[in-house]
Amino acid sequence: RQEQYRAVRDAPSTTRDGEKVQLLLNAGLLVDLPHIAETGAAGVGLFRTELQFMIAASMPKTAAQQKLYRAVLDAADGKPVTFRTLDVGGDKILPYMRNEPEENPALGWRAIRLGLDRPALLRTQIRALLNAGGGRDLRIMFPMVACVSEFDDARDIVNRELARLVKHGHPVPASVALGVMIEVPSLLFQLDEILAKVDFVSVGSNDLLQFLFAVDRGNARVSGRFDTLSPAFLRSLARIAERAKAAGKPVTLCGEMGSKPLEALTLIGLGYRSLSMSPASIGPVKAALLEADASELADFIKPLVARADGAATLRGEIEAFAAER
Ligand code: PEP
Ligand code: MG
């Protein structure tokens, strides 16, 4: 198997009918970086910056943050890296930060909410990112955005920090692209508005499934109850791909779903052309897509997802279709 994946590593990531599908990796620490070269990934689709904060004994200083971000950009060697700003709070607790116990931490004071309420923390991180990205193309993404104004506020912070660097004559990135995670269902009903403002979006299928079905992703008793291959979830994903295409904005999916070959093929059928996943999944997903036909997948999956017969999941039918090919 490993041999087989090594063989596909250098092949262009293209379906049989010539559709290019970008495969990126999810990372969060320095030890992840050699995987970029090993897997032949097109870049880092999700860099989870909170990991540095979670393994530290005290709040990482700007210099330490900057050092990590610069190392990531160096390792990527010109390939795109999407840095997600701190996604802490909820279950991702920083032991050195005072924390009020919360009844529903997943729905609580976390991610961009915390970032906007404590702008010093977000500002420091943005500053570190802008400094590390000096002279290069920088991509920053905000987690758990639930309404358009949160993106506006976060973008204002970036612009203020950029202006500050310029004023002091510091080097600035060659370009700064700003995006949001689509992982809170409220954004499904503000897609056109948010897409008009961002440079890109990335679907966090882990949290989107959790919040769409009201099912705690960390609770084994319920987490297996709803399927990413259910009509409700696939319709949500189809809508995102459709509206992003109409707006001309790139969309990636960076949740665990994209790491599974059957799910990845389903996403290609729904119009996704960029997936970010754990390093070990790039080989299997690539092997699957090299043998797939994107237009055949679309012809199969789109009517199936639109069919209204109350099915809880379409997994059996999608599996049967894949097995047949
Ligand atoms: C997600 O929610 O799908 C995601 C990619 O982010 P995380 O798993 O870090 O919450
Ligand atoms: Mg998430």
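Observations
- Tabulated pairs, region 189-212, first of a type in the set (Lys, Arg), second more than 12 Å from ligand 1 (Cβ to nearest atom), C-beta under 7 angstrom, 6+ apart or interchain: LYS197/VAL148; LYS197/PHE151
- Take the conditions (1) within 16 Å of ligand 2 (Cβ to nearest atom); (2) of a type in the set (Ser, Thr, Tyr); (3) touching a Pro at 6+ places or on another chain (Cβ under 9 Å); THR49 misses just one of them, which is (3).
- Residue list for region 1-39, restricted to those being closer than 26 Å to ARG70 by Cα and either buried (at least 20 other Cβ atoms within 10 Å of the Cβ) or of a type in the set (A, V, I, L, M, F, W, C) (or both): LEU23, LEU24, LEU25, ASN26, ALA27, LEU29, LEU30, VAL31, LEU33, ILE36, ALA37, THR39
- Residue ID - farthest from CYS147 (Cα to Cα), chosen from residues in region 73-109 that are in contact (Cβ under 8 Å) with a residue 60 or more places away in the chain and more than 13 Å from ligand 2 (Cβ to nearest atom): LEU73
- Count of residues meeting criterion [within 16 Å of ligand 1 (Cβ to nearest atom) and within 15 Å of PHE53 (Cβ to Cβ)] in region 97-111: 2
- If only residues of region 40-54 that are in contact with a helix residue (DSSP H, G or I) (Cβ under 8 Å, 6 or more places away or on another chain) and of a type in the set (A, V, I, L, M, F, W, C) are counted, the one that is surrounded by the fewest Cβ atoms within 10 Å (Cβ to Cβ) is ALA41.
- In region 219-244, the residues that are assigned to a loop (DSSP other than H, G, I, E, B) and either surrounded by 16 or more Cβ atoms within 10 Å (Cβ to Cβ) or at pLDDT 95 or above (or both): PHE226, ASP227, THR228, LEU229, SER230
- At least 2 residues being touching a Lys or Arg at 6+ places or on another chain (Cβ under 9 Å) and within 13 Å of LEU262 (Cβ to Cβ) is the threshold, and among the helices (runs of 4 or more DSSP H) wholly inside region 274-325 those reaching it are 279-290.
- Members of region 220-259 that are of a type in the set (S, T, N, Q) and either within 16 Å of ligand 2 (Cβ to nearest atom) or under 20 Å from ALA177 (Cβ atoms) (or both): SER223, THR228, SER236, THR252, SER259
- Residue match in region 115-137 (condition: within 16 Å of ligand 2 (Cβ to nearest atom) and within 20 Å of THR82 (Cβ to Cβ)): yes
- Residues in region 144-181 that are away from ligand 2 (no atom under 16 Å from the Cβ), touching an Asp or Glu at 6+ places or on another chain (Cβ under 7 Å) and aliphatic (A, V, I, L, M): VAL148, ALA174, ALA177, LEU178.
- Unmet criterion (only one of (1) within 16 Å of ligand 1 (Cβ to nearest atom); (2) assigned to a loop (DSSP other than H, G, I, E, B); (3) not aromatic (Phe, Trp, Tyr)) for LYS249: (1)
- Summed over region 254-273, residues that are part of a loop (DSSP other than H, G, I, E, B) and within 16 Å of ligand 1 (Cβ to nearest atom) total 4.
- Restricting region 187-218 to residues that are away from ligand 2 (no atom under 16 Å from the Cβ) and part of a loop (DSSP other than H, G, I, E, B) leaves a set whose member that is farthest from GLY90 (Cα to Cα) is ASP199.
- Among all residues of region 14-33, there is none that is touching a residue at least 60 places away in the same chain (Cβ under 8 Å), part of a helix (DSSP H, G or I), away from ligand 2 (no atom under 16 Å from the Cβ) and over 21 Å from SER205 (Cβ atoms).
- Hits in region 299-325 (condition: under 22 Å from GLN22 (Cα atoms), without any contact (Cβ under 8 Å) to a residue 40 or more places away in the chain and surrounded by 16 or more Cβ atoms within 10 Å (Cβ to Cβ)): PHE300
- Only residues that are more than 15 Å from LEU191 (Cβ to Cβ), of a type outside the set (D, E, K, R) and buried (at least 16 other Cβ atoms within 10 Å of the Cβ) were counted across region 132-152, and they come to 9.
- Residue within region 197-204 that is of a type in the set (Phe, Trp, Tyr), more than 13 Å from ligand 1 (Cβ to nearest atom) and over 20 Å from LYS302 (Cα atoms) present: yes
The values are calculated or read from the model by the stated rules, or taken from the named source; none is laboratory data. Keep in mind it's a predicted model, so treat the numbers as computed, not measured. Positions of Cβ are generated from backbone atoms using ideal geometry, with glycine treated the same way; all protein chains shown enter the neighbour counts.
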